[in-house]
Amino acid sequence: MDERQLSELRANVELAVHDLIGQFQSRGMSPESSFEQAELRLYEFVRSPFGTEHSTLPPADADGFLPALIPCPIGTIRDRFGMQSERRQALMARLEGVVRVANELNQCRIMLGGSFLTTALAPNDLDLAILVDSEDVMHPDVLLWISEIDPELQVFVERVESEWWDWFRHFGRPKPPHKRYIGVVEVMYDSD
């Protein structure tokens with residue numbers, strides 16, 4: 001790449017960032033928040049070798065939300081949501097701890113929702129719904145105990161699948177000022 005091409009690339013990136021900041025501001029974000037969101041989007045794009053269009057997760061929309069339920073490996077969650085700030089790294093470590101415990105359960109499914117799945121740099125907490133085998137009496141108590149000692153975790157343990165899906169409706173429901181359902185993932189354990 002010669003100097004002229006590099007100069008054109010810099011100018012195009014600058015225009016794209018200004019455009020992105022303008023889009024966030026047109027949705028009512030402050031200039032500071034708009035800049036932070038544009039910076040985060042640029043960071044997400046650069047981290048993926050082919051950009052977010054080739055990611056295993058779809059890109060967040062202009063408000064920072066994913067579409068409805070997506071099966072997602074824990075490693076992908078870590079790459080996409082768990083590294084952008086110290087707060088996210090701390091929450092990611094907690095999520096990985098719960099996944100390790102839950103992975104030992106038979107017939108266990110984990111649903112993750114809430115602000116951790118947005119582009120916010122400082123999400124509130126982790127919202128988890130865990131479906132366990134109805135015959136298992138010990139493990140649900142262990143998972144609930146984890147949530148009681150860690151205020152950063154909101155863990156809801158269900159033994160009936162229809163009640164677990166109720167959490168999907170709760171986690172994905174529109175939150176003001178948004179008028180549409182938002183992203184929820186089913187956490188898939190992987191060993192990476």
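Only the coordinates and a few stated rules stand behind these numbers; no lab work does. On a predicted model such as this, the values are computed, not experimentally measured, just so you know. Heads up, the Cβs are rebuilt from the backbone with ideal geometry, glycines too, and the neighbour counts pull from every protein chain shown.
Using packing as a proxy for protection, rank 7-15, 111-119, 75-83 so that the peptide with the highest average count of other Cβ atoms within 10 Å comes first. Each step should come with its number before you reach the end.
Values: 7-15: 10.4, 111-119: 22.3, 75-83: 19.3.
Put in order of decreasing packing, that is 111-119, 75-83, 7-15.
Work through the residues other than G183 whose Cβ is under 14 Å from its Cβ and net out their charges, Lys, Arg +1 and Asp, Glu -1.
On the way: positive: R80, R169, R173, K175, R180; negative: D61, D63, D127, E186.
Overall, the nearby charge balance is +1.
Could you give the length gained on full extension between R27 and S7, defined as 0.36 nm per residue of separation minus the Cα-Cα distance, in nm?
On the way: separation 20, 0.36 × 20 = 7.20 nm, distance 3.08 nm.
In short, 4.1 nm is gained.
Quick one: if you stick a label point 7 Å off each Cα along the C-beta vector at D125 and S85, how many nm between them?
1.8 nm
Using a simple spin-label model with points 7 Å from Cα along the Cα→Cβ vector, what separation in nm is obtained for K175 and F35?
It is 2.5 nm.
Please give the peptides 21-27, 158-164, 33-39 ranked by average Cβ packing (other Cβ atoms within 10 Å per residue), highest first, as a rough proxy for protection. Mind dumping the intermediate values first?
Details: 21-27: 15.4, 158-164: 13.6, 33-39: 18.4.
Per-residue mean Cβ counts within 10 Å order the peptides as 33-39, 21-27, 158-164.
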